[in-house]
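To start, the structure itself, in structure tokens.
Computed from the coordinates by the stated procedures, all read-outs in this text should not be read as laboratory data. Since this is a predicted model, take the numbers as computed values, not measurements. For neighbour counting, all protein chains shown are included, and Cβ atoms are generated from backbone atoms with ideal geometry for every residue, glycine included.
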There are 4 protein chains.
Amino acid sequence: MNEALERASRIKLVIFDVDGVLTDGSLIWGDDGLEYKAFNSHDGLGMKMLKASGVAMAIITGRSSRVVTRRAEGTGIAYVYQGAEDKLIAFQDLLQKTGLRAEQCAFMGDDVVDLPPMRRCGLAVTVPAAPDLVKQHSHYVTKHEGGHGAARELCELVMQAQGTFTAQLQQFLL
Amino acid sequence: MNEALERASRIKLVIFDVDGVLTDGSLIWGDDGLEYKAFNSHDGLGMKMLKASGVAMAIITGRSSRVVTRRAEGTGIAYVYQGAEDKLIAFQDLLQKTGLRAEQCAFMGDDVVDLPPMRRCGLAVTVPAAPDLVKQHSHYVTKHEGGHGAARELCELVMQAQGTFTAQLQQFLL
Amino acid sequence: MNEALERASRIKLVIFDVDGVLTDGSLIWGDDGLEYKAFNSHDGLGMKMLKASGVAMAIITGRSSRVVTRRAEGTGIAYVYQGAEDKLIAFQDLLQKTGLRAEQCAFMGDDVVDLPPMRRCGLAVTVPAAPDLVKQHSHYVTKHEGGHGAARELCELVMQAQGTFTAQLQQFLL
Amino acid sequence: MNEALERASRIKLVIFDVDGVLTDGSLIWGDDGLEYKAFNSHDGLGMKMLKASGVAMAIITGRSSRVVTRRAEGTGIAYVYQGAEDKLIAFQDLLQKTGLRAEQCAFMGDDVVDLPPMRRCGLAVTVPAAPDLVKQHSHYVTKHEGGHGAARELCELVMQAQGTFTAQLQQFLL
């Protein structure tokens, strides 16, 4: 936890995988060919506070869906990579675009495909349902499951480490 | 619990947040741009009994969705504020509209955006999944999660405190 | 359990409530006005075996939805009462239609609106999530929650009590 | 477990039931007549790795839905039998088509209708929510529930038994 907090203090960009991180990993499909996702309201508020605190956000996901674009717009996520079969390529493109170094980025993933960026970023975070191998390569495992507040937990961790959380909460305590 | 019951005995209006209170906090979205919500059948019956017992109900939510209007109509909720970015403004408007004092209102929320009205109303209630800060400002934390009977639990608490619960149940015991 | 088994041995008709019994109580609504329900595959097979064993089935629900009609057709449920605000009237109509006595009927409900038929039928069954008052008026509380195998559990209980369960399983053990 | 591993070492084809195995058993229906299923993202990656390791996959399900075809295509499942009322006939057809012997096939089911192929195949696997009778006829019961990683667990078991799992993971550890 101490190491996670120290790493979190340097983060300028938080990158989220989608399925299993911003959702519980359910791929909900209809017979009409449409796809559905269940995001979490606590996560959304955490992201808005994180952005207001001065940290940027991105999504890198292997799948592709219009609801991801909509979720990103609604929560202030600036960079969205969908259909990213090789997540390392997307991660490296993101570093170039933002001019950030890898240790200034957090990556939150839930499966082995997320390991390449997780092993290179400054703060690797995963969820309780992740395979053991992913947990072994993580600096922090959230208490909340994906789609049930895991992303909110990471947002709060970063704000706490950076001393910005109290200021974000203050607006609701007037 | 004793303080919560005493506070509940004075309540004339119960105000519900939606996501995380009347639902489990899932924001279910389809690729066609539609939004879905999962309400709870136990909650619905509790609301109908509460209304029949003489207590009014309202919804104040930061998001906006047609299903919320429909849910309000089906359960006898008289006042609906959607898209309420500042929940305190909606709360104060509600006080003016109903002529009630803040201590005659209960507010059930699940996140820090709900704190401004929760800190001013007569009975602040939250759910197990709420952040600690919200629990610290609540007079009562339900045993049931949002979308799984939390609202029903509040409805029963108010009716028990006001001595109207037995009469409401009597119709089913003839 | 012994009393429940003895009561189950006399059952000729099993009546199910829908929300909270055949589902987990979630009322899933879309912004387009459509309604969705999540039934359970284990329940469906239990109902087919129960019907094949010679026991009839019915649905009595206070709400109304096309998916209920479809579910009844797919599982061999012969009688469907939807929009039944007073479940006792539907129950009494069902007795007249089938020529059965109340003690030959089981009723599975999950809330206080189900009490009038539950208090008059031969075998009253409910689910773990039901209010205490409903449990107090039940002869049997299932181990499985509604929408997660509760109805299957009742189907098996009736077949076991009537000595028909082994024969129903035999077809899968050839 | 040792017997399961030994049996898994001989498997050339893994056959999945759908409802309760690739999903949590929920049959999600809309009032417009459409059907929905919630698959799991961990399962999908497990299937892709299993296929890449040289093991073929099939689906045998009693129900019928377009989303199953789509899921099979997206995960590399070569053979799909839908509407298979008698799963043994489908299983025997599959043996003929592939030229495999029964002991080279694993079958993962969650209910008594799955017993005929499960009792004849080389590795019978089921989920925690399955009836006891199905567990008694299984060589392995997964720790994860259906729709929550059960299929992934079987994919990993087969790859571990065949010594191919480490190679599959290696691509993510470069």
For this session: Return an integer: the convex hull volume of the alpha-carbon atoms of region D:1-82, in Å³ per residue.
Result: 103 Å³
Exercise. Regarding chain D, what whole-number volume in Å³ per residue does the convex hull of its Cα atoms give?
Worked result: 108 Å³
Problem set entry | √(5λ) per eigenvalue of the Cα gyration tensor, region A:27-129, largest first, Å | 23, 17, 13
Problem set entry | Counting DSSP beta bridges with both ends in chain C, the antiparallel % (nearest 5) | 10 percent
Problem set entry | region B:1-159 - charge dipole about Cα centre, Lys and Arg +1 at Cβ, Asp and Glu -1, debye rounded to 20 | 660 debye
Exercise. Scattering from the C-alpha atoms of region A:56-104 alone, worked out with Debye: what is log10 I(q)/I(0) at q = 0.21 1/Å?
Worked result: -0.73
Seminar exercise, completed: As a Kirkwood estimate from alpha-carbon pairs, region B:116-170 has a hydrodynamic radius in angstrom of 12.0 Å
Exercise. Per the Kirkwood treatment, what hydrodynamic radius in Å, one decimal, follows for the protein assembly as shown from the mean inverse distance over all distinct Cα pairs?
Worked result: 26.9 Å
Seminar exercise, completed: With a 25 Å threshold on alpha-carbon distance, the violating pairs from B:37/D:135; B:37/D:51; C:143/D:48; A:51/A:87; C:51/C:143 are B:37/D:135; B:37/D:51; C:143/D:48
For this session: Taking each label point as 7 Å beyond Cα in the direction of the beta carbon, state the distances from residue B:163 to the same residue in the other copies, shortest first, in nm.
Result: 5.7, 5.7, 8.1
Problem set entry | Computed over chain A: relative contact order in percent, which uses C-alpha pairs under 8 Å that are six or more apart | 31 percent
Exercise. Of the listed peptides A:116-122, D:44-50, D:122-128, what is their order by residue-averaged count of other C-beta atoms within 10 Å, with the highest listed first?
Worked result: D:122-128, D:44-50, A:116-122
For this session: May I have the convex hull volume per residue, in Å³, for the Cα set of region B:95-139?
Result: 60 Å³
For this session: Find the relative contact order for region D:5-80 and round it to a whole percent, using C-alpha pairs within less than 8 Å whose residues are 6+ positions apart.
Result: 34 percent
